[in-house]
Each structure stands twice: as C-alpha cells, then as structure tokens.
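Comments concern the structure below.
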Amino acid sequence: MPKIWGLGRKSYIVNFFNEFDLSNRDMLYYNRWKKGKDLSLVKRVSLFLFTLPFMGCTTIPTSVHDERLADYVPKVTASDFNYDPMQTPIAQCYAQELSKDTEISGATLIEDGLSAFVIRAAFARMATKTIDLQTYIYSNDFSSKVLIAELKRAADRGVKVRILLDDYGTKSDIVDVMLLNQHPNIEVKVFNPVANRSRLLYYPQFLLDFNRLNSRMHNKLFIVDNVAYITGGRNVGSNYFYPETASNFSDTDVLFIGDMTKYATASFDQYWNYHLAIPASVFPKAKSEKALNKMKCKFAELERESAEQSKAYNKIISRAQREYKNKKFDFSWGYGKFLADPPSKVEMSMDEKEEYRGDIIQALQHLWNRTNDSVYMSAAYFVPGQGGLEHMLREEKSGVHMTVVTNSLASTNAPTVYAKWEKYRKQLIESGADVYEFMLSAENLRGKEHDRERKQSSFSVLHSKTIVFDDDISWIGSFNLDPRSAYYNTENVAIFESRDFADKLREMILRDAQTSWRVTLEDGDPVWTGSRPGDTEPRVYHHSPDTTIFRRTLKWITKLIPEKFV
C-alpha cells in the first residue's frame, strides 16, 4: 500500500475532520434532549396522547408489492449497466494484468480507516458509469456526509448511483443520504423497514414481527463501474474511518478489481430488486426539498469557510487517484469468488434459520476441511458454537494449527458476545491453539492507568472478519463467526486464492496478535500476558485486563442470555 495512506495524526485530512467535528450539532441535540427531560410527567403523557392519533400518518409500505408503490418508476435500470466494464478508465489502468485471464482479479489490503475513506472518495471521482453502495450502518456524521457529497458529485457528472441502506442500522428517516434520492441520477432504497415511522412505535413493532425485523442486512459493498469493489467489515461512519473518535473500530477492507466484481454486482442486484427493498421516495424526510437545499447550503458554506482544508483534502484525493493511475497500488493477483446470503434469509422462519446452511457456511466448512497446516483468524465476535468447536478441535488434533485474535472484554462493544466466547476459549487453548485478545490501543492506555472510566469510554474495538487458510486462501467480508451471522443476518464474503495476498493478510493478523494479550491457562484458569509501549517486562493478569469489576460482573450476568440471541 502506498505510504500516502499512513497519514498520521497531523495529516491534512485529520485536520480537515478536526476543524468541523459538528460539536455544535451535538450540543444542539443535547439541548433538545435536556429540554424534553425538563417537561413534567403530565406534559409528556399529554404530548404522547395528543400525537398518538397522528402516528398512522407515518406508515410506509414494507413490500414493493404494496399498491401504494404501483406507480413507482425506477431511476436506475438495467440499461444503465449496458456497458463493458473493461473499457472504463478504472479497468484500463490495469488492462495488461486483467487481460491475461478473463477470470483473474487483483486485491489490495486497506488496513486503516483514513485509507479506507480516501480510496472510496478517489474511486467515486474516477467513476464514469455506475456506483453501488450497500451498508448496514450509515452514521450520518461528518465523514459520512463528506462521502455522500462525493457520490453526489459523481451523479452530477452523469454517473448512476444506487444506495441500499438497512433500516435498523441507519435510522433512515433522519439521515441526509435519503435526501440524495431527489437527484435524477441517484436512487436510494431502504431494506427490511418497519411500517410505522414514529420513533415512539419503532421498536415495539419488533415484538409484532420479531422474526423478520430481528434479521438485518449486514452486507457491506462499495462497487464502482462494475469492475472494482471494496468489501470487509467497515460500515459508513467516522468511527470506521476516523481514528480519533471515542470508539474507533480497528477494521480491514479489501479493494478488488477484475472478474470478482461481477459476482458482487449480481448480489447487489438481488438485494436491490427484492420486495423488501423500499424506495426512499415513500419516506417523508426523503421528499423534503427544503431539507435538501439546506444540506447543499451547508456543504457550500463548509467549502467557503474551510477553503484551505478543502484544498488540502482535494489534494489528498487527487494524489490517491494518481497513485492508482500510475499503478502504484500494491495489488496481488489471483482468483476468487464473492458470496452472499440471499435476501430471503430475513424472512425464513425461526426453525428454517437455525437449520440454514447457505453458500457462506458451506464454503467455510469446505475450506476448513481441505486445510492441512494452519488457520489464522481475526474474528471480532467469535462464538463458534458446539459444532464449530468440535470441528476446530479435530482439526487442531490432526495438525492444523490455529491462531485466533478476537476482542478482549475491555475492547469489545458486545460483552454478551464475549461472555459466550469464554465458553469455548479454554478448550481451544487446551487443544494447542494460540489465542489472543485485542488490547486497548496504546494511545488510549498511555497515562490512564488509574482512570478506569476513561478507559471504558475511549477505546479501540477489533472489527475485522478475516481468515487465512494454509497461507494460500484468504477470507474477508462482513461475516462474523457467531450465531447472528450464521442464522439471522444476511452477510457477504470474498474468498481469494493468492499466496502473495494471503501472506500480507496473515502478517496483518500477526501484527494484531503482537499488540494483543496472549491468553494461556494456569491451573485451568485463564492468564493474560502482554506488553504495552515502554514496558520492560511483560504484564500478567489473572482477570480480564483494563476492566472494572462492574464490567466483569455485567459480563457474568449476560451469560444467562441464550447463545442464539447474542
């Protein structure tokens, strides 16, 4: 990867984000909350009773078969994809490599958040035909707004843009990305929505249709000109792109170019055309021209007030484009396949979901069965289940050595998942597997040895979902090795066969292991060993490092939750 991506804390793009962190907006939200909190109980009850009769006015269709969508006319159609991806400028940059074999693809790791943002913005600017964005979370924060501004600029040039958001992950009624649906070259859809858009009734509806609404579209895709795509663990939000947020996700993406992209686009089409993908045009917020004009004015104002930062930002994006066009990206070449669950998975019955064995699970089982020597895995949320554990124990016994990096109790944002992971950890260690738990970032730890509360409110969460089999085959995508990914949410993964790329991914996992706690057993109990920057001797803990007794107690309580619901 070019050195430009390791921009550091003093980079132009970080300064650009620092200048406009929307702190005024956050204060406005706080004031609104405080004002509501100060209302007397009688007033709040009266307000609720007054608004209750009007809540039905916010009901939307939950299927495109609804008669209210009888007049719906799509803005982006199959004819917009009637072009040869290999003739686009993105493909032409690497035409020599791609022409060697019609099934070949190139892959390059995107390890840090700033690089992930810069590459997305650069490819949006290089797009000439189409852009597809599929995401579980859209945070509607500053970096997200900058990214959708890049998509709008592409649409202004004539590029056709499709944006597919999960309803639960994006709080779609309030996000600015919905406003882009008014652009003639942009179409936005919301997947698997609840019918009544009242905030008071949003969550109660889950009780009435739990089986469908508990299952979410967890897929993550960014496809450009049907020849390049990015996939991995990152959603769209500052805590995935910007390393100085309070809770930053340490994640991994891969940029692919070539043959694999057609499978990613086919999967996107399947979700886009599914009956639960509802056009944004039926959502009240998406139709507000006033809100759209306000958003445009806000961006224009930002550009005027931050001319120097904008100039520096554009310089970085332009440099990334030049690096790509001059073939400076560190591509590994090989063969692969993109796999995704069908969108119909969310509508399966509970029994069907628990018996579900889709392409992703079958591929995982197949790859593990043919592995002979080693498995390296970075698994943010690791709950293998009894069947998965027994398989791993057999593989370890047969000589397939496992190295596992997962979240610690201190770093995880899901202590319920960690509580279930503990159930399997001891047997994996006893089998001979190397087990590591992600350490809080050194920066967050430095100088905070006696400040437990700050440790828990400012941390780095491992969010990667990557595996390397036999130093030859790589697995990367949105799929967590836990029951929710296996049975409930829809997911996607890329499987890539290239020893060169596998070496790079394995080294990345091992670097995470070096800055994690090594977990071993002493008299049958776990022991955490590791070093922080400046340590002359390794530290040893007999309970989860960097945690309060409250967090450890909470973890113990969550063990009571059935595993299938984590």
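The values are calculated or read from the model by the stated rules, or taken from the named source; none is laboratory data. Just so it is clear, the model here is predicted, and its values are computed rather than measured. Methodologically, a virtual Cβ is constructed for each residue, glycine included, from the backbone with ideal geometry; neighbour enumeration extends over all protein chains shown. These accessible areas exclude ligands, DNA and RNA; they are computed on the full protein's heavy atoms, side chains included. Shrake-Rupley method; radii C 1.70, N 1.55, O 1.52, S 1.80 Å.
A few comments on the model shown:
- Taking every C-alpha pair closer than 8 Å and separated by at least 6 residues, the mean separation divided by the residue count of the chain gives a relative contact order of 16 percent.
- Label-point separation in nm, T553 to Q514, each point 7 Å along Cα→Cβ: 4.0 nm
- Selected from T520, V76, G334, residue furthest toward positive end of dipole (the chain; charges at beta carbon): V76
- Whole-percent carbon and sulfur share, accessible surface of the chain, 1.4 Å: 53 percent
- Unit charges at the beta carbon, dipole of the chain: most positive-side option, A363, A379, S250: S250
- Between R394 and E507, the contour length at 0.36 nm per residue exceeds the Cα-Cα span by 38.1 nm.
- In terms of its alpha-carbon gyration tensor, segment 64-141 comes out oblate; a/c meets the 1.5 threshold, while b/c is at least as large as a/b.
- What the Cβ-Cβ distance of N326 and I174 gives, at R0 = 51 Å and to the nearest 0.05, is a FRET efficiency of 0.80.
- Using the Cβ-Cβ distance between R153 and E289 with R0 set to 22 Å, the FRET efficiency works out to roughly 0.65.
- When E422, E522 are compared by accessible area of protein heavy atoms, the largest-first order is E522, E422, using a 1.4 Å probe.
- Probe 1.4 Å, accessible area per residue of segment 285-419, Å²: 48 Å²
- Of the residues I119, N235, L180, the one whose Cα sits farthest toward the positive end of the charge dipole of the chain, with +1 on the Cβ of Lys and Arg and -1 on the Cβ of Asp and Glu, is L180.
- Relative packing of 392-398, 192-198, 489-495, 121-127, which averages over residues the other C-beta atoms within 10 Å, highest first: 489-495, 121-127, 192-198, 392-398
- Look at where the Cα atoms of segment 486-530 and of segment 354-383 average out, and the two centres are 13 Å apart.
- Cα centroid separation - segment 148-223 against segment 417-441, whole Å: 36 Å
- Dipole magnitude of the chain, debye to nearest 20 (Cβ charges: Lys/Arg +1, Asp/Glu -1, about Cα centre): 2240 debye
- For segment 487-542, the solvent-accessible area works out to 48 Å² per residue, with a probe of 1.4 Å and every protein chain left in place.
- Whole-Å distance, taken between Cα centres, linking segment 125-145 and segment 71-105: 19 Å
- Measuring between alpha carbons in the structure, the pairs from K397/K465; K100/K325; K426/K564; K294/K325; K75/K220 lying more than 29 angstrom apart are K294/K325.
- Accessible-area value, S464, 1.4 Å probe, nucleic acids and ligands omitted, Å²: 0 Å²
- Theoretical FRET efficiency, 1/(1+(r/R0)^6), r = Cβ-Cβ of L367 and L201, R0 35 Å, to 0.05: 0.20
- Highest mean first, the peptides 59-65, 352-358 sorted by other C-beta atoms within 10 Å per residue fall in the order 59-65, 352-358.
- Overall form of segment 228-372 per C-alpha gyration tensor (a/c, 1.5; a/b vs b/c): oblate
- Percent RCO, i.e. relative contact order, over segment 497-566, from Cα pairs under 8 Å lying at least 6 residues apart: 16 percent
- The simple spin-label model puts a point 7 Å past each Cα toward its Cβ; for S99 and H401 those points are separated by 4.5 nm.
- Between T536 and R304, the simple spin-label model (points 7 angstrom out along Cα→Cβ) gives 6.0 nm.
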